[in-house]
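Everything on this sheet refers to the single structure shown next.
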Amino acid sequence: MRTKTRLWGQWGLIIPGAAVAILLTAACTGQPASGGAGGAAASFTFALPAAPISLDITKDFDGNIMQIMAPVTEKLELVSETGEVSPGLATSVAEPDPTTLVYTLRPGVKFSDGKPLTSADVVWSLQHAGDAKAGAQTAGNIDWVSSVSASGPLEVTVKTKHPVPNARASIAVVSFIQQAEFAKAHEKDLGTAAAVPVGTGPYRVTEDTPQQVTLSRNPEYRGPAPRVDQIHFSFISQGNAAQLAMRSGALQGSLVSNLKTVDQWKAIPGTTKYELPSLYTTFLTMDTSSAPLDDIHVRRAIAYSVDRAGVMAAGYGEYATLLKGLAAPGLLVDVAPSDDAAKTFLGSLPQYALDPAKAKAELAQSSHASGFSLDVPVLSGDPASELVVQNLAQNMKPLGVTITAKTVTASEWISTIYAHGKDGKHLGMQTMSLVPSVPDPNSVLGSVTGQENIRPQGFNLANWSTPEVEAAYTQLTTSTDKAQRWQATQTLLKAVAADVPYLPLFAPHIVAVLGGGFTFDRQLSFFDLDVNGTWVSALKAG
């Protein structure tokens with residue numbers, strides 16, 4: 001169901017929360033931490049907003065489950081914030097031709113049940129991740145893979161349909177390697193508490209309940225034992241409940257759901273704040289295939305009517321970055337000649353700051369000069385949704401425009417997005433946030449542009465393209481030449497800024513808080529926390 005990105009809400013994929021009282025009780029079930037020599041501890045409890053749908057990543061491709069399962073089911077390679085890859089279960093990768101990858105696996109690796117890792121396990125895991133017919137949410141990330149085969153006991157060959165930029169990084173993101181024998185024996189219930197995936201990582205799952213998932217050290221792990229015996233993930237849907245749990249000592253770590261409350265978290269005695277700039281991309285989508293949004297002057301009037309800076313400050317405080325184009329600078333590092341070149345280019349794009357006079361002038365040039373009415377779905381509690389729509393409604397009212405916020409549940413919104421509108425065609429205006437899977441412009445631009453993404457499960461929610469855009473889209477998504485991809489990226493970003501099918505908003509940061517004597521021993525990236533699972537090796541007590 002997913003493409004190159006993941007939908008994102010204020011804590012990850014937007015999931016309705018359960019009752020606070022129940023979850024607060026659950027948070028208090030974690031064992032208190034006890035320190036030891038060298039930063040060792042018996043137990044650490046981390047809050048997540050909701051229980052995962054499944055512990056099989058293909059059924060729940062979301063940052064929350066990745067945080068749980070990446071330390072259990074390891075990756076072939078690890079991805080950095082610059083898009084570079086480093087060894088994981090694969091010690092090396094050969095590329096004999098532009099459409100072939102040959103992975104050499106690490107020898108002597110055992111699963112948590114003592115059985116050895118073989119190429120058959122990797123083949124099954126990658127085929128499982130790419131099984132679109134079975135509904136794998138990871139399939140869109142590697143839909144260009146044509147075959148995966150075992151070319152030796154510890155060698156796997158991946159063939160692609162065409163040259164793919166960032167192929168290794170994209171495979172790395174979804175390559176949660178499971179033991180094939182166990183998985184095939186539990187085809188129907190894999191990912192449930194009765195059939196938790198078996199992995200090779202430093203931890204294994206020893207408890208899976210609606211209230212908590214517990215990881216315990218894997219005795220078969222080949223590397224240094226992690227410094228924490230057990231990690232408990234407790235599910236707390238409300239930030240204030242998580243704060244209470246940390247103050248009571250029942251919780252030692254959490255993401256900050258409401259970034260305006262960071263100071264409240266910092267005020268809890270013994271806490272340490274960790275800020276991780278993210279690649280999250282938040283924007284408004286405007287369906288160019290139906291009135292009134294088919295009129296470019298209407299779209300520009302809307303763009304000049306959103307106080308992006310004001311909404312960002314109100315929703316996120318200092319913990320967000322205003323976007324100057326439909327890609328954060330960090331997404332351009334793999335194609336731009338330099339960081340400065342990327343920032344200079346983004347700064348050269350047309351910017352749509354709040355300007356009532358320009359909004360009025362644009363609307364006057366449109367076929368809706370006297371105004372119009374538009375219903376916009378709103379997700380309660382999500383600043384990128386709620387505050388933006390409220391601000392737009394207030395600022396466009398003097399122009400005779402009525403913007404009506406329609407509160408929808410997370411499940412309703414997600415269903416509409418993946419269905420590409422209730423009728424499969426018309427989407428009106430939406431607020432959207434995407435989590436790029438790899439730091440590359442293809443992660444966003446390759447998802448929200450292109451005719452092939454105007455379909456159910458496609459994210460071109462603006463139903464927008466031009467011949468120039470199609471050519472650039474093809475170049476961006478299939479070329480492996482850096483200069484060509486940089487040119488295509490610039491073409492797409494310029495076209496979006498000129499035609500305004502999408503209005504870039506802001507990129508919220510990730511803020512994590514640790515307490516109870518726990519700290520990270522090094523600076524972490526978004527990929528350490530959300531993708532690679534390497535955050536557990538940085539965790540220490542005292």
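The values are calculated or read from the model by the stated rules, or taken from the named source; none is laboratory data. As the structure is a prediction and not an experimental result, all values here were calculated from the model. Cβ sites come from the backbone with ideal geometry, for glycine too, and all protein chains shown count toward neighbours.
Tabulated data
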read-out	value
Only one of Glu412, Glu386 that is part of a helix (DSSP H, G or I) and within 19 Å of Met312 (Cα to Cα)	Glu386
Scope the range 139-175; condition in contact with a Lys or Arg (Cβ under 7 Å, 6 or more places away or on another chain) and within 30 Å of Gly114 (Cβ to Cβ); matching residues	Ala172, Ser175
Among the residues listed as Val388, Val438, Val444, the single one being under 18 Å from the mean Cα position of the chain (by Cα), at pLDDT 90 or above and surrounded by 20 or more Cβ atoms within 10 Å (Cβ to Cβ)	Val444
Single match in Gly201, Gly191, Gly130, Gly135 (criterion: surrounded by 19 or more Cβ atoms within 10 Å (Cβ to Cβ), of a type outside the set (Asp, Glu) and at positive phi)	Gly191
The listed residue being without any contact (Cβ under 8 Å) to a residue 12 or more places away in the chain and either touching a Gly at 6+ places or on another chain (Cβ under 8 Å) or not polar (S, T, N, Q) (or both), out of Glu181, Glu275, Glu187	Glu187
Failed item in (1) closer than 25 Å to Ala50 by Cα; (2) assigned to a loop (DSSP other than H, G, I, E, B); (3) more than 25 Å from the chain's Cα centre (by Cα), with Leu190 passing the rest	(3)
Residue in the range 247-264 that is nearest to the chain's Cα centre (by Cα), counting only those that are in contact (Cβ under 8 Å) with a residue 60 or more places away in the chain, surrounded by 15 or more Cβ atoms within 10 Å (Cβ to Cβ) and more than 15 Å from Pro49 (Cβ to Cβ)	Val262
Selected residue (only one of Ala327, Ala361 is assigned by TED's automatic domain parsing to the domain that holds Arg485, crowded, with 22+ Cβ neighbours inside 10 Å and either of a type in the set (A, V, I, L, M, F, W, C) or in a loop (DSSP other than H, G, I, E, B) (or both))	Ala327
Residue in the range 491-506 that is within 29 Å of Arg308 (Cα to Cα) and at pLDDT below 95 present	yes
Residue in the range 104-119 that is at pLDDT below 95, part of a loop (DSSP other than H, G, I, E, B) and of a type outside the set (A, V, I, L, M) present	no
Trp486 vs. criteria touching a Pro at 6+ places or on another chain (Cβ under 6 Å) and either assigned to a loop (DSSP other than H, G, I, E, B) or at pLDDT 95 or above (or both)	no
Scan of the range 489-504 for residues that are surrounded by fewer than 24 Cβ atoms within 10 Å (Cβ to Cβ) and in contact with a Pro (Cβ under 6 Å, 6 or more places away or on another chain), ordered by number	Ala497
Residue satisfying all of: in the range 449-479; farther than 9 Å from His420 by Cα and among the β-branched types (Val, Ile, Thr); surrounded by the most Cβ atoms within 10 Å (Cβ to Cβ) among these	Thr449
Count - residues of the range 493-537 that are in contact (Cβ under 8 Å) with a residue 60 or more places away in the chain and within 14 Å of Ala327 (Cβ to Cβ)	10
Complete set of residues in the range 336-351 that are within 16 Å of Ala495 (Cα to Cα) and among the hydrophobic types (A, V, I, L, M, F, W, C)	Phe345, Leu346, Leu349
One residue from Val205, Val158, Val173, Val198 being in a strand (DSSP E or B), aliphatic (A, V, I, L, M) and closer than 27 Å to Trp535 by Cβ	Val205
Residue satisfying all of: in the range 251-268; in a loop (DSSP other than H, G, I, E, B) and at pLDDT below 95; farthest from Glu386 (Cα to Cα) among these	Val256
Among the residues listed as Gln487, Gln430, the single one being farther than 30 Å from Gly239 by Cβ and touching a helix residue (DSSP H, G or I) at 6+ places or on another chain (Cβ under 8 Å)	Gln487
Any hit, the range 269-292, residues being assigned to a helix (DSSP H, G or I), over 20 Å from Ile65 (Cβ atoms) and aromatic (Phe, Trp, Tyr)	no
